[in-house]
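The values are calculated or read from the model by the stated rules, or taken from the named source; none is laboratory data. These numbers were taken from a predicted model, which means no experiment stands behind them. Positions of Cβ are backbone-derived with ideal geometry, glycine not excepted, and every protein chain shown enters the neighbour counts.
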Amino acid sequence: MAWLAFSAPVLAAIAIVAVLGLPAALALRLRGLALPLVAIPASFAVLAVASLAGPVLGLSWSILLAGAVALALALVLLALRRWLGAPRAVAAARHGGLWLPLGAAAAGGLVIAIALAAALGSPQAISQTFDANFHLNAVRYILDTGSASPLTVELTTPGAPVFYPTLWHGFVALVVQLSGASIPAATNAVLFTVSAVIWPVGAVALGRAVAGPSTHVTLISGALSAAFPTFPLFLAGYGVIYPNILSLALFPFLMVAVLQVLNLGPARRATPLSAGTRWLLLLGALGASVLAHPNALHTLLAWAALPILFVVFRALRGGPVPSVSGALGASPIPLALRRTGAVVGAAALVAVIAGAWYFGRSTDNSWEGFYGPRSAALELIGGTPHLPGHAWPVALLVLIGVVLAWRHRSLRWVIGAAASLAFLYWVADGFPTTDWRTLLVGPWYNDPRRLAALVPFGALPLAVLGASALWAMLRPGLRRFARALSRRPRRFGRGLAALALLLLIAAGQSGAEAAFQIVRSSYDPQQATLLDPDERKLLDRLADEVPAGEVIANNPLNGSSLSYAIADRAVLFPHGSGAYDPRAYTLVDSLVPAPGEACAVATELGVHYVLDFGTDYIFEDAGKRGIPFKRMRHLERSPILTEIDHQGDAVLYQITGC
């Protein structure tokens with residue numbers, strides 16, 4: 001029953017994406033796969049604009065605000081449609097329409113959804129990781145303040161807002177408002193939607209953009225969307241870094257837009273768009289991805305550098321370009337203009353990369369490489385970077401794709417784009433901390449795990465090419481086999497093709513066990529490092545025991561901070577990292593050794609309750625974070641505290657002795 005009820009927030013999340021994105025796509029008269037290709041990033045671009053506009057206009061965060069922005073965008077596009085160029089609806093209809101790509105995406109998405117459901121165990125599960133406090137509490141903060149702007153977040157810096165990407169949290173807040181689900185359930189609903197709906201649709205569009213819009217490429221792309229354990233499954237358990245998951249799920253839409261604008265491969269033939277719509281897709285997908293997480297810009301530059309240089313060299317030598325039909329021919333742009341544009345484009349690329357890496361640099365060198373250079377390279381070759389085990393079937397498909405792309409000069413950029421992402425992971429996981437390592441991978445916090453999640457974005461198109469080649473080899477034999485065994489060879493052949501697709505899906509799961517176990521352990525309440533079952537039960541009834549408007553003293557290194565997200569009762573420390581009122585630190589430090597001082601500070605702050613979830617911290621070694629809370633223990637000895645409820649070792653106290 002719990003999973004059945006979970007369908008409500010999931011459907012609400014899908015409906016939000018559809019309702020906010022479809023007006024723009026329909027205003028452009030898009031058909032076929034072009035409809036979701038534009039609508040999905042458009043919906044998140046709308047959310048981003050609405051989150052920024054709300055505080056300026058004095059409007060609270062709601063689906064009405066986002067819907068008004070979606071309607072305004074659609075009206076603008078409707079007015080500009082004649083200048084944006086006519087859509088190629090007829091061409092789109094010849095290449096699989098809408099339902100075949102969506103069906104292919106659903107096949108891969110179903111595999112991902114089943115894995116997530118099995119790993120989470122419950123739709124109310126909470127990630128037992130450090131950042132879960134922040135991400136769930138940020139949703140409550142948006143619901144309380146009415147602002148989802150990335151410029152007004154002060155959850156970790158009260159009174160001093162700092163920029164923080166809030167696209168994920170604003171999306172979850174809308175799901176809470178529309179479905180009435182709890183924040184943990186709404187968070188998981190968005191996780192399912194992003195991982196099992198948005199990502200597979202983008203993967204299908206990307207596979208078709210590189211390998212062509214045939215039926216078998218479409219189905220293979222959908223099947224392979226679930227074949228890379230480092231994304232999205234692994235990221236669902238690591239961190240948990242929800243904004244990164246959303247940003248990367250939107251990234252294939254941005255990749256397709258880049259290929260459309262650069263006119264590389266069969267991208268324009270696979271999903272025909274007008275010239276103006278290509279640029280709109282590029283700008284919209286870029287804005288949505290970057291506002292989901294800013295390092296999407298660095299990921300784009302790392303992936304797109306080789307494709308852009310390929311186009312630059314093609315223009316300098318006056319090479320042919322693909323037409324909408326796929327045939328190579330002379331470019332309609334004069335050669336002199338092409339060469340001038342190529343030089344300007346190359347210079348701009350160098351300048352943007354230099355600027356992005358300079359301003360996006362990091363000094364956080366705490367994450368060393370986990371492997372040496374050789375072992376990290378083997379992790380890449382085995383198809384499961386940073387994870388135990390290997391996915392040799394998928395690795396074989398990628399290798400075949402590399403051979404095919406190399407033999408076709410017009411596709412060699414696919415190898416270069418994949419190699420650049422693989423190289424960044426290799427540097428991060430294969431080498432110790434150095435200045436040059438930070439220079440290269442600093443935008444990703446020098447974190448090998450985040451960079452391992454980027455590898456599938458280069459590997460997927462190569463795997464699609466490899467699997468498509470194998471299918472081309474097997475198909476004649478399967479047809480002969482069907483004619484020999486069945487009186488209805490066409491129907492029998494379709495059955496064999498479906499079986500081959502199932503085998504491909506199964507082969508794609510060969511390396512998923514390690515990622516599955518990571519997610520499972522990250523959400524397992526019995527192995528809780530953040531919030532154990534007793535603490536969760538206490539928080540579930542906290543709202544009945546603590547009056548609304550009260551602020552609770554707590555230790556953010558355990559799960560007590562989730563009082564805000566789960567029980568809607570504010571805490572002094574909503575996250576383990578932040579700059580909070582010095583008096584709050586004084587209060588928790590003096591509850592036992594200096595009760596008189598604690599009384600004085602509690603009166604100043606208006607604090608009347610204390611949560612004690614013990615010293616089972618999210619980090620085994622809390623380090624500097626643990627210093628302000630090292631004397632917040634043995635609270636039963638404090639003469640000013642009275643226990644009013646407990647569940648296991650979790651205790652709720654009231655300050656009564658002042």
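List of remarks:
- Tally of residues being in contact with a Phe, Trp or Tyr (Cβ under 7 Å, 6 or more places away or on another chain) and of a type in the set (A, V, I, L, M) across region 527-552: 2
- Residues located in region 517-535, provided they are surrounded by fewer than 19 Cβ atoms within 10 Å (Cβ to Cβ), part of a helix (DSSP H, G or I) and at pLDDT 90 or above: Gln517, Arg520, Ser521, Pro533, Asp534
- Test: Arg81 is assigned by TED's automatic domain parsing to the domain that holds Leu254, at pLDDT below 95 and surrounded by fewer than 19 Cβ atoms within 10 Å (Cβ to Cβ): yes
- Cross-chain or 6+ apart pairs with Cβ under 7 Å, region 531-547 first and closer than 21 Å to Asp131 by Cα, then at pLDDT 95 or above and in a helix (DSSP H, G or I): Leu531/Leu562; Leu539/Leu562; Leu539/Ser563; Leu539/Ile566; Leu539/Ala567; Asp540/Ile566
- Residues in region 145-159 that are modelled with pLDDT of 85 or more and either part of a loop (DSSP other than H, G, I, E, B) or of a type in the set (Gly, Ala, Ser) (or both): Gly146, Ser147, Ala148, Ser149, Pro150, Leu151, Thr152, Glu154, Leu155, Thr156, Thr157, Pro158.
- Single match in Gln177, Gln124 (criterion: under 21 Å from the mean Cα position of the chain (by Cα), polar (S, T, N, Q) and farther than 25 Å from Ala296 by Cβ): Gln124
- Number of the exception - Leu259 against (1) farther than 25 Å from Val197 by Cβ; (2) in a helix (DSSP H, G or I): (1)
- Residue pairs whose Cβ atoms lie under 7 Å apart, separated by 6 or more positions or on different chains, with the first residue in region 9-20 and assigned by TED's automatic domain parsing to the domain that holds Val176 and modelled with pLDDT under 95 and the second of a type in the set (Gly, Ala, Ser) and assigned to a helix (DSSP H, G or I), do not occur.
- No other residue among Ala315, Ala302, Ala288, Ala236 is under 22 Å from Leu30 (Cβ atoms) and either part of a helix (DSSP H, G or I) or among the basic types (Lys, Arg) (or both) apart from Ala288.
- Exactly one residue out of Leu219, Leu273, Leu280, Leu264 is touching a residue at least 40 places away in the same chain (Cβ under 8 Å), part of a helix (DSSP H, G or I) and surrounded by 24 or more Cβ atoms within 10 Å (Cβ to Cβ), and it is Leu219.
- Per-region count, region 197-216, residues of a type in the set (S, T, N, Q) and assigned to a helix (DSSP H, G or I): 1
- Only one of the numbered conditions (1) in a helix (DSSP H, G or I); (2) within 25 Å of the chain's Cα centre (by Cα); (3) modelled with pLDDT under 90 is violated by Leu337, and that is (2).
- Flag for Ala211 being of a type in the set (Gly, Ala, Ser), in contact (Cβ under 8 Å) with a residue 40 or more places away in the chain, in the same structural domain as Phe253 (by TED's automatic domain parsing) and buried (at least 24 other Cβ atoms within 10 Å of the Cβ): yes
- Sole residue being in the same structural domain as Leu73 (by TED's automatic domain parsing), loosely packed, with under 13 Cβ neighbours inside 10 Å and closer than 28 Å to Leu37 by Cβ, chosen from Ala285, Ala296, Ala348: Ala348
- Members of region 344-402 found to be closer than 15 Å to Pro229 by Cα and touching a Ser or Thr at 6+ places or on another chain (Cβ under 9 Å), listed by number: Gly383, Thr384, Pro385, His386, Leu387, Gly389, His390, Ala391, Trp392, Pro393, Val394, Ala395
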